[in-house]
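First comes the structure, then the notes that go with it.
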Amino acid sequence: FNAPTIDKGPKLSAPLDEPYAEERRGNGMIFSQIYNSTSGINRLNQFIQAEPITKDLNPIHGTIQKMHARDTDAIVLCEDKCFRILANKDALFNADGSANVTSNQAVLGQAVPYAGEFGISKNPESFASYGFRAYFSDKNRGAVIRLSVDGITNIAEKGMTDFFNDNLKASTNIIGSYNDRKDLYNLTVDSLSTQWQNAFNISQTYQLNPDCNAGSITASLEGTTIFYTRKRH
């Protein structure tokens, strides 16, 4: 191996100080080489470790649960924090906290946090987006978040704080969807707390639509779907 010349086809090996093992990096990202259909370049299977192809976030915010591309940036939702990662550009911050966007060769630039201590917990299935708005739930804080160009808004504070505080923590699967025809964000929880199951019991009197066949309901509700709209009536 240390000779001036090496024969053809020798097999060289060196033992490691520690046995290698799989590592799960819940707060890190890695990206491949470029893909360009116009010039016929496909290097998606190339991960060259000699180049800066990784981007790590502070592990104090929990693991990355959801990544979403919006415009020319990447929205990254951790368990306890939301970030906007600049793509193909970077940010230079001034002393007053304002930022100037500059050109950069890096694929992923500065990670800019959104104001507010909210994340997506461990329910990426609650995420839904339409246009420049994104919606998701934060089970750990009993909140439902709208992420728009003006930042983070907790829409649970529009009279639904108690409901989400109780029922998000009681649910396992929190599924979100968006109805673009009616401009509605739908959030389905698979389990209600005992208090809210009693509140929604069939023995209660509701002002239902006459076309609703309430007589077919034979048991209390275990889950429910809530709708949110930005329209004001």
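The alpha-carbon of LYS66 sits under 19 angstrom from the alpha-carbons of these aspartates and glutamates, leaving out residues fewer than 8 places away in its chain: ASP56, GLU79, ASP80, GLU117, GLU125, ASP138.
Provide the FRET efficiency to the nearest 0.05 for the ASN36-ASP56 pair, computing r from the beta carbons and using R0 = 35 Å.
Efficiency, from the Cβ-Cβ distance: 0.85.
One chain, two ends: HIS68 and THR224. Fully extended at 0.36 nm per residue, the span grows by 53.5 nm beyond their Cα-Cα distance.
Residues of the stretch 127-179: accessible area per residue at 1.4 Å, in Å²? Could the numbers behind the result be given before it?
Working: 2330 Å² over 53 residues.
Averaged over the residues of the stretch 127-179, the accessible area is 44 Å².
Among the trypsin sites (Lys or Arg not before Pro) in the stretch 14-65, those located in a DSSP loop and surrounded by at most 11 other Cβ atoms within 10 Å of their own Cβ are ARG24.
Averaging the sequence gap over all C-alpha pairs within less than 8 Å and six or more residues apart, then dividing by the number of residues, gives the stretch 18-84 a relative contact order of 25 percent.
The values are calculated or read from the model by the stated rules, or taken from the named source; none is laboratory data. What you are looking at is a predicted structure, and each value in this text was computed from that prediction instead of being measured. So basically every Cβ, Gly included, is an ideal-geometry build from the backbone, and we count neighbours across all protein chains shown. To get the accessible areas, we keep the full protein, side chains included, count just its heavy atoms, and leave off ligands, DNA and RNA. Shrake-Rupley method; radii C 1.70, N 1.55, O 1.52, S 1.80 Å.
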